[in-house]
Amino acid sequence: MFGSLFNKKDKGWQPPEVLGLTIGRGISFDPIALRLLPADSLIERPDTTLMITAQGHCDLGEQSHMHRFYPDDDRFLIQFQGGDGKNDERVDEIMLWYFYDVQYPTGDTEWNRVKSAIRQTSFSLPGKDRDYRFERAWFDTSTAPEDPMTYWEEVCDDREGRGRRKIFQTAMLFARPLQDGRDEMLLVNMEEPENAERSVAFMLGFPLERHNFSV
């Protein structure tokens with residue numbers, strides 16, 4: 001679909017390896033690290049190995065880059081944040097995200113309602129038995145509504161850059177404390193793909209250390 005937009009002379013961004021991880025490789029998690037998630041976490045535990053089938057990149061500006069790895073299990077997303085993944089392999093943060101819910105707004109009214117809700121200092125995530133309250137983690141010193149972060153993500157389906165597509169992201173990060181004192185993170189990600197249906201992803205995440213996984 002997107003092949004006609006890119007010629008052989010200008011392939012654009014191609015998926016790099018970051019800490020050895022890229023499309024076509026598996027990431028295995030330390031099962032002990034996964035069992036350490038407290039009982040009140042809403043995150044579902046993944047299998048110990050996920051195979052990466054697509055990879056995304058976001059240039060956040062100010063020399064900050066984000067790399068996303070999409071596995072064969074579409075409930076999860078692995079995210080590295082740090083260097084450019086080419087010459088600079090510095091990784092400042094590693095997150096495992098679990099897709100708690102994905103919604104498809106039927107029109108602008110519903111879309112704008114979500115965009116207004118994520119500007120507030122707290123966000124209520126509906127659960128089976130009750131709602132879960134998360135406090136805003138970005139702009140956490142502000143008591144006023146704040147505009148969410150916006151950025152483009154470029155995604156490829158293989159290491160040659162095929163299946164290339166761009167997604168405009170509008171996002172806000174929230175957090176709630178768990179029983180063990182750690183925070184469970186909630187990323188509300190409003191996605192507007194080029195030539196595709198827009199959606200809102202509610203992703204729950206927790207940080208990983210390098211020793212928690214292998215490639």
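The values are calculated or read from the model by the stated rules, or taken from the named source; none is laboratory data. Note that this is a predicted model, so its numbers are computed, not measured. All Cβ positions, even for glycine, are placed from backbone atoms using ideal geometry, and neighbour counts span all protein chains on display. SASA here: full protein model, heavy atoms, side chains in, ligands and nucleic acids out. Shrake-Rupley method; radii C 1.70, N 1.55, O 1.52, S 1.80 Å.
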Stretch R45-Q63 to full length: gain in nm at 0.36 nm per residue minus the Cα-Cα span? 3.2 nm
Computed curve, the range 12-55, Cα-only Debye sum without solvent term, log₁₀ I(q)/I(0) at 0.30, 0.31 Å⁻¹, is -1.06, -1.09
Please compute the alpha carbon radius of gyration of the range 65-136, then divide it by the globular-protein estimate 2.2 N^0.38 Å. Two decimals is fine. 1.44
So what does the Cα-only Debye profile of the range 116-211 read at q = 0.20 Å⁻¹, as log10 I(q)/I(0), no solvent term? -1.05
Would you please put 177-188, 26-37 in order of how densely packed they are, using the mean number of other Cβ atoms within 10 angstrom per residue and starting with the highest? 177-188, 26-37
If R0 = 22 Å, then D129 and D180, at their Cβ-Cβ distance, give a FRET efficiency to the nearest 0.05 of 0.55
What is the P(r) of the chain, as percent of Cα-Cα pairs per 5 Å bin from 0? 1, 6, 13, 18, 19, 18, 13, 7, 3, 1, 0, 0
What FRET efficiency do you get for K166 and D108 if R0 is 22 Å and r is their Cβ-Cβ distance, rounded to the nearest 0.05? 0.55
Within the range 71-142, which chymotrypsin sites (Phe, Trp or Tyr not before Pro) sit in a loop by DSSP and count at most 15 neighbouring Cβ atoms inside 10 Å? W138
What full-extension length gain, to one decimal in nm, is calculated for E194 and T143 as 0.36 nm per residue of separation minus the Cα-Cα distance? 14.9 nm
With every protein chain kept in place and ligands, DNA and RNA left out, what is the accessible area per residue of the chain? Probe 1.4 Å, answer in Å². 54 Å²
Label-point separation, T121 to S28 (7 Å along Cα→Cβ), nm: 4.8 nm
